[in-house]
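The numbers here are math on the coordinates, done by the rules we state, and not lab data. Note that this is a predicted model, so its numbers are computed, not measured. With ideal geometry, Cβ positions are generated from the backbone for all residues, glycine too; neighbour counts draw on all protein chains shown.
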C-alpha cells in the first residue's frame, strides 16, 4: 500500500487553512488518512483544522485496531469536535471556528470512511470513479430534493455553504461508510479546493497519467490552472 499527500495554498487565499495527516501501514496492516478544511477567520480556520487532525492522529496512533470501526470513527469525530469547540469558547478571537473532516482507514480488502462537511472521499477502480462520502451542504440538499441537478450544483453560487461542521456545536454527527477494495484501487481524500475545480473524470485520468507518488502534485497543478480559488489538499492511497 502506498500513501501520498500534499496541501497547497492555491492562487487566491492568503493562508492555507487545510490540514492533513496520513500513516502508512504498520504491523496492523492499516493505512490511515484524514483531511480537514478549516473556516473561521484569519486564525480560526487554520487552528480548527489543525486541532481536528491532531485529534484523529493521536487517537489512531494510541489505540489498537478497533473491532467496531464505526463506533471508533464516531468517537474520533466526537473528540475532534469537542476539542475544536472548547478552543473556540476559550478564545474570543477563535469564536465560531470550525472545520470539515474526511477520514479513511483501509487494509487490502476493506476501506472505512467518515465525513463531516464537504471534504470528500473517492474510490477509483479500473471500472471508474465513485464518490463515497456525501456532502453536508445546502446545495446537496437541493440535489437530494430534486431541485438541482448535479451539473447545476457544480456552479451554484451557494455551493460552499455547508450544513454540518466540526467545532460549531457541542455535538456533531458524522456519516460512516464501509466498502470493499482490491489491490490496485485508489482512494482519494480531498478538500473542496480540488473537487470544485476539476471533474471526477479528470481525477481518474490523472491517476493513470504518471507516477503515483506525483499524483497529488498533478491534481493540485490542475486545480491551480483553473484559478486556484481555494486551498487544495489531496491524500491518495493505492491499495
Of 175, 135, 91, the most mobile residue in a GNM of the chain (C-alpha springs, cutoff 10 Å) is 91
For region 221-236 versus region 15-58, the gap between their alpha-carbon centres in whole angstrom
17
Please report the relative contact order for the chain, taking Cα pairs under 8 Å with a sequence separation of at least 6, and give it as a percent rounded to a whole number.
28
Restricting things to Cα coordinates, could you compute the convex hull volume per residue of region 16-139 in Å³?
119
Measuring from centroid to centroid over Cα atoms, what is the spacing of region 81-99 and region 114-149 in Å?
27
Efficiency of FRET between residue 145 and residue 63 - r from beta-carbon atoms, R0 45 angstrom, step 0.05:
0.70
Compare 105, 116, 161 in a GNM of the chain, Cα atoms joined below 10 Å, and give the one with the largest fluctuation.
161
Of the convex hull enclosing the alpha-carbon atoms of region 2-238, the direction-averaged projected area in nm² is 12.4
Helix-only [θ] at 222 nm, the chain, -39500 (n - 2.57) per DSSP H run of 4+, per residue, nearest 500, equals -10000 deg cm²/dmol
With springs connecting C-alpha atoms under 10 Å apart, model the chain as a Gaussian network and identify which of 208, 225, 95 has the largest mean-square fluctuation.
208
Ranked by Cβ crowding within 10 angstrom, fewest neighbours first, how are 190, 174, 89 ordered?
89, 174, 190
